[in-house]
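Heads up: the structure comes next, in structure tokens.
We did not get these values from a lab; they are worked out from the coordinates using the rules stated. On a predicted model such as this, the values are computed, not experimentally measured, just so you know. Backbone-built Cβ (ideal geometry, glycine too); neighbour counts: all protein chains shown.
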Amino acid sequence: MRITSWVKTHHAGSYQARPVVSDEAMRIIRKAEKPAIIIGARIMDLEGAPLERTIRLAKALNMPIVATAHSGKFLAEQGFTNYVEMAVVEITNVATDEEWQGIEGYGRPDLVIVLGAHLDLMNATFQSLKNFSDIPTLSISRYFMANATYSFPNLDDEIWLQCLDELCEKVENTP
């Protein structure tokens, strides 16, 4: 089945993301040794529901969150401290550098998970990482991101939050 991007002009390159659901996303995340999550300004959509799920994932995997835009303040308000604030362009550029030492001693991520950012910024991030690095990417946004390595399909809000809940539960309950 071929899924198209939410924005038709976002597809660039010879391949597009493989659509995944929570089971597959959990396996991809569990296989990574140093995953990292990048969140953006839209993380507080739906009354902050995506932020709650992001914190659950980060805690379950003991992984850092890269907070772009003004999203760091929302993490601080929740008492979450395992994050670093960077501009989305900055984190994208350093992630493409093979000599980069990683996020505050964590090391260079071997999987970049993105959600809660504006569509154009997410697409640019995925496109840069796809073309200029070997790091696989996973979009757990509610919109299919054609330039990611793996992506949730286009989902309505209710189903998207159910998928995020399932993903969190599976990651939390799988050793």
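Here is how the numbers come out for the structure above:
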{"item": "Environment charge of residue 159, counting only residues whose C-beta is closer than 11 Å and scoring Lys/Arg +1, Asp/Glu -1", "result": "-4"}
{"item": "Evaluated at q = 0.13, 0.23 Å⁻¹: base-10 log I(q)/I(0), Debye formula over Cα of region 82-147", "result": "-0.32, -1.04"}
{"item": "Charge tally in the Cβ shell below 15 Å around residue 111, where Lys, Arg are +1 and Asp, Glu are -1, residue 111 excluded", "result": "+3"}
{"item": "Structure-based [θ]222 nm, the chain - -39500 (n - 2.57) summed over DSSP H runs of at least 4, per residue, nearest 500", "result": "-11500 deg cm²/dmol"}
{"item": "Unsatisfied cross-links (Cα-Cα over 22 Å) in the set 73/170; 31/170; 59/170; 34/59; 31/73", "result": "73/170; 31/73"}
{"item": "Top of 89, 114, 66 by mean-square fluctuation, Gaussian network on the chain, Cα under 10 Å", "result": "89"}
{"item": "For 39, 28, 159, order by how many other beta-carbon atoms lie within 10 Å, fewest first", "result": "159, 28, 39"}
{"item": "In nm, spacing of pseudo-spin labels at residue 159 and residue 132 (7 Å Cα→C-beta vector)", "result": "3.5 nm"}
{"item": "In range of the label at residue 93: residues from region 65-86 whose backbone nitrogen is under 20 Å from the point 7 Å along Cα→Cβ", "result": "66-71, 84-86"}
{"item": "Residue with peak Gaussian network fluctuation, the chain [Cα springs, cutoff 10 Å], from 165, 157, 110", "result": "157"}
{"item": "Average Cα contact separation per residue, region 97-138, under 8 Å, 6 or more apart, as relative contact order %", "result": "43 percent"}
{"item": "Choice from 79, 48, 116 showing the highest fluctuation, given a GNM over the chain with Cα pairs closer than 10 Å", "result": "79"}
